[in-house]
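All remarks here apply to the structure that follows.
Derivation of every value follows stated rules applied to the coordinates shown; laboratory data play no part. Since the model is a prediction, treat every value here as computed from it, not as a measurement. Cβ atoms come from the backbone with ideal geometry, glycine included; neighbour counts cover every protein chain shown.
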Amino acid sequence: MKKSKKLIPTIGLETHVELSTKSKMFCGCPADHFGVKPNSQTCPVCLGLPGALPVPQKKAVVWTIMIGLSLNCKIARRSKFDRKHYFYPDLPKGYQISQYDEPLCSGGYMLTSQGRIRITRVHLEEDTGKLLHQKVNGRRMTLVDFNRSGVPLVEVVTEPDIHSAAQAKEIAQKLRDILRHIGVSDCDMEKGSMRLEANVSLTSDPHKLAKYKVEIKNINSFRFLERAIEDEIARQENVLKKGQIPKQETRGWDEKQGKTRSQRYKESAADYRYFPEPDIPPMIFSKQEVEKIRKRIPEMPDIVAGKLISEYGIKKQYLQVLMGEADLLEYAKDSLAEARNRNLDPDLVAGMIVNRKVDIKSTSPKELISSLIEKSKAVIGDETELLALAKRAMQELPKVVADYKAGKTASIAVLIGKVMKFSGGKADAGKVRRLLEKALR
Ligand SMILES: [Zn+2]
């Protein structure tokens, strides 16, 4: 292969997110499975027992549409579930209920620092069980926990519009911020409620896709996403330099080795033998229904961030904290508006919220601002008022005044103490000292 042509990385992201609904997608079992005793949250539906019928949960469907709308997607007026067949021990039915050719949302985009990244689709499916590799009675075994089986899972797929590892990281982080902001998932990678996959290939012709595509799985942090893509780009470059074409395959990210490793050769859609789920009728949405869902979406983080900067001059480091947490951001937005109405320094308010000096669950924004105003009033700084108190102290303690005038300057502390007592502890002690020194001269 000629060296003259520069190889351009072409990257697409596939992100799986568990929705934080109370119950699973097609049954009433609790969906929150983290740290729960294995196989304690199952029923015939999510265990795939014969005869069990799935009933889709409306909330999960609405939340998926909210995700689609937040990513500027078109919402399907008609959508359906399909069966995706493959054999794996964590999939008790032998198929996963997913969406194939009629996803809920498609054709959207996200804005990034380097332009638009198109969103191919957003669809809803069910999560699988989880394999646990453990030693039981001294023997290495693989156990299956079905608590996760049937948890609502949304897949967000981007077009291969990404051209660097850093850009992929930016988009994944932005997606997490959006999903947390609209409150549909905690996107906690350590708990596995957000999982990243990247498709990577290299091409010398920016207008043509490569003939192969390598999928990297097992990525559970943004840092690993960046490193895995960087490593994969370098690996493919080496293969191409030798005049070979990289294999179409799935590779896993090996954290310890800091390398991607071949896992299996990739299935095509035909291998999954998709067909419409016969137990669930297609879903039909009216324009009005979609518009009603649109109204439930809060302003996007970017827009809120822009407003916080332009209207209140919020510090950048404060914004970074606020953007990662929907509750905190919402609280800050309301508190800052209240602070402005009552002439309180926005920086003081933002600082308190960001540094967790407020319990946002028990203190309303109005209460916070009121208490801050009370506190700011608490110190008496008015000189006329303080001077009057100082004179009163001097009148009441003529001996102390005489001592001071005789050179025992330390006795001023007694006078300051008296003023503090008169003011109920609210006087500005520094000012009181200065005023007393002046009056005693
Ligand atoms: Zn169940």
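Tabulated data
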item: Cα-based radius of gyration of segment 63-167 once divided by 2.2 N^0.38 Å, which approximates compact folds; result: 1.37
item: Of every Cα-Cα pair in segment 383-440, the percent that sits beyond 14 Å; result: 44 percent
item: Sites Leu131 and Lys191, calculated FRET efficiency, Cβ-Cβ separation with R0 22 Å, nearest 0.05; result: 0.85
item: Charge-dipole axis of the chain as Lys and Arg at +1 and Asp and Glu at -1 on Cβ define it, positive-most pick from Gln395, Gly138, Cys27; result: Gln395
item: Angstrom value of the Kirkwood radius, inverse mean 1/r, which spans all Cα pairs in segment 298-378; result: 12.6 Å
item: Pair Asp359, Ile309: separation of 7 Å Cα→Cβ label points (nm); result: 3.5 nm
item: Bins of 5 Å, starting at 0 and running to the largest distance - Cα pair percent for segment 12-77; result: 3, 15, 20, 20, 17, 13, 8, 4, 0
item: Neighbour-count ranking [beta-carbon atoms within 10 angstrom, fewest first] of Lys130, Lys174, Lys58; result: Lys58, Lys130, Lys174
item: Whether segment 120-241 is rounded, prolate or oblate, judged on the alpha carbon gyration tensor where a/c under 1.5 counts as rounded; result: oblate
item: Residues Ser98, Ser364, sorted so that the one with the fewest Cβ neighbours within 10 Å comes first; result: Ser364, Ser98
item: For segment 324-403 versus segment 76-121, the gap between their alpha-carbon centres in whole angstrom; result: 52 Å
item: Rounded to the nearest 20 debye, dipole of segment 184-234 from Cβ charges on Lys, Arg, Asp, Glu; result: 200 debye
item: Under the Karplus curve 6.51 cos²θ - 1.76 cosθ + 1.60, θ = phi - 60°, whole-Hz ³J(HN,Hα) for segment 180-196, x wherever Gly or Pro sits; result: 5, 4, 8, x, 9, 7, 7, 6, 8, 5, 5, 8, x, 7, 9, 10, 10
item: For the chain, cysteines whose Cβ has no other cysteine Cβ within reach (under 4.7 Å); result: Cys27, Cys29, Cys43, Cys46, Cys187
item: Förster radius 35 Å - calculated FRET efficiency between Ile284 and Tyr109 (Cβ-Cβ, nearest 0.05); result: 0.85
item: Cα centre as origin, Lys/Arg/Asp/Glu Cβ charges: the chain dipole, Debye; result: 1000 debye
item: Charge dipole (debye, nearest 20) of segment 383-440; +1 at Cβ of Lys and Arg, -1 at Cβ of Asp and Glu; result: 80 debye
item: Fully extended contour minus Cα-Cα distance, from Met352 to Lys74, at 0.36 nm per residue; result: 96.1 nm
item: Using alpha-carbon coordinates, inclination of helix 412-422 to the longest axis of the chain, degrees; result: 70 degrees
item: Spin-label model distance (nm) - Arg118 vs Asp334, 7 Å beyond Cα toward Cβ; result: 4.1 nm
item: Cubic angstrom per residue, convex hull over Cα atoms of the chain; result: 252 Å³
item: Sorted peptide list for 131-143, 178-190, 84-96, criterion being average Cβ within 10 angstrom, highest first; result: 178-190, 84-96, 131-143
item: Relative contact order [Cα under 8 Å, 6+ residues apart], the chain, whole percent; result: 16 percent
item: Relative contact order for segment 298-378, counting Cα pairs under 8 Å that sit 6 or more residues apart, in percent; result: 28 percent
item: Where Cα atoms sit under 14 Å apart: lysine pairs in segment 298-378 separated by 8 or more or lying on different chains; result: 5
